[in-house]
């Protein structure tokens, strides 16, 4: 049998599949269906230095080939996560990637500083799609200079590996990826959701503006992974529209070292275990001994 194990930031994960941030709650919610340690790693909801209430309802809107969400980064705060939820992952020996955010540089730094290294923490994942309240609300991730500055600042306050999760809402994503790398990022997560809106025809309203995820994003995300993985010498984690094993294989071959699954879980809560089992079967059927051997296979 082939091996699904992947090396990421000096740690070995049992497989390259993880959830996208915010799509699996605090991990305990999936337990009635399957063990959270089935994944290679669990990615936390976006955590902030202080608890955040998020947006009013409606927060989710189903589209023909995707989903719009406007959760508003609701979370219990980084201290509450580590005191109340992290012991569950320690008990299960499940690796964790800690997604975090801020609305100012100070908030990013405060949150990153408060997270102590632990043998189960694989990395910190910076959500760079947040609006910078001190710069007129422009997203930290939209300008190369801002990305370089915030990544460099956070790099200076933590010893943990640092992943920059980038927004596709830019003119040149490769330029942004290079800025993150030069600022000290150890890896990239590509891509975050695309801005979108829903219209309620019956009531003649726009009930929700938020981020579009799901199958519609896959070609966009694949291009981002393919181009950025060739442009910078750090691991890329691919996310965007992965619904099945074939989609995961496409991302790995495009250059992703690992993948994150989000919207698929809302369609089928067993999507991730099925994708992991499918990758295992694909290895056996293809005669490939190691899943890492196909990473970037399309680059030749």
The relative contact order of the range 169-251, taking Cα pairs under 8 Å that sit 6 or more residues apart, comes to a percentage of 35
quick note, the range 171-300, DSSP beta bridge pairs, % antiparallel (nearest 5) is 50
By the mean-Cβ-within-10 Å protection proxy, highest first, 134-142, 75-83, 217-225 rank as 217-225, 75-83, 134-142
Over the chain, the sum of -39500 (n - 2.57) across DSSP H runs of at least four, divided by residue number and rounded to 500 deg cm²/dmol, gives at 222 nm -8500 deg cm²/dmol
Fewest to most Cβ atoms within 10 Å: 298, 263, 158 sort as 298, 158, 263
In whole angstrom, the spacing between the Cα centers of the range 198-270 and the range 1-37 equals 17
From the Cα centre of the range 131-174 to that of the range 76-97, the distance in Å is 25
For the range 6-299, using Cα atoms only, the Rg and Dmax in Å read 17.9, 56
Computed over the chain, the relative contact order (Cα-Cα under 8 Å, seq sep at least six) in percent reads 20
Ranked output for segments 201-211, 233-243 by mean other Cβ atoms within 10 Å, highest leading, reads 233-243, 201-211
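Give me the Å³ per residue figure for the convex hull around the C-alpha atoms of the range 94-143. Numbers along the way, then the final one.
Working: hull volume 3.3 nm³, N = 50.
Cα-based convex hull of the range 94-143, divided per residue, equals 65 Å³.
FYI, it's all coordinate maths here, none of it is from the lab. Predicted, not measured: the structure shown is a model, and the values here were computed from it. Virtual Cβ from ideal backbone geometry, glycine too; neighbours counted across all protein chains shown.
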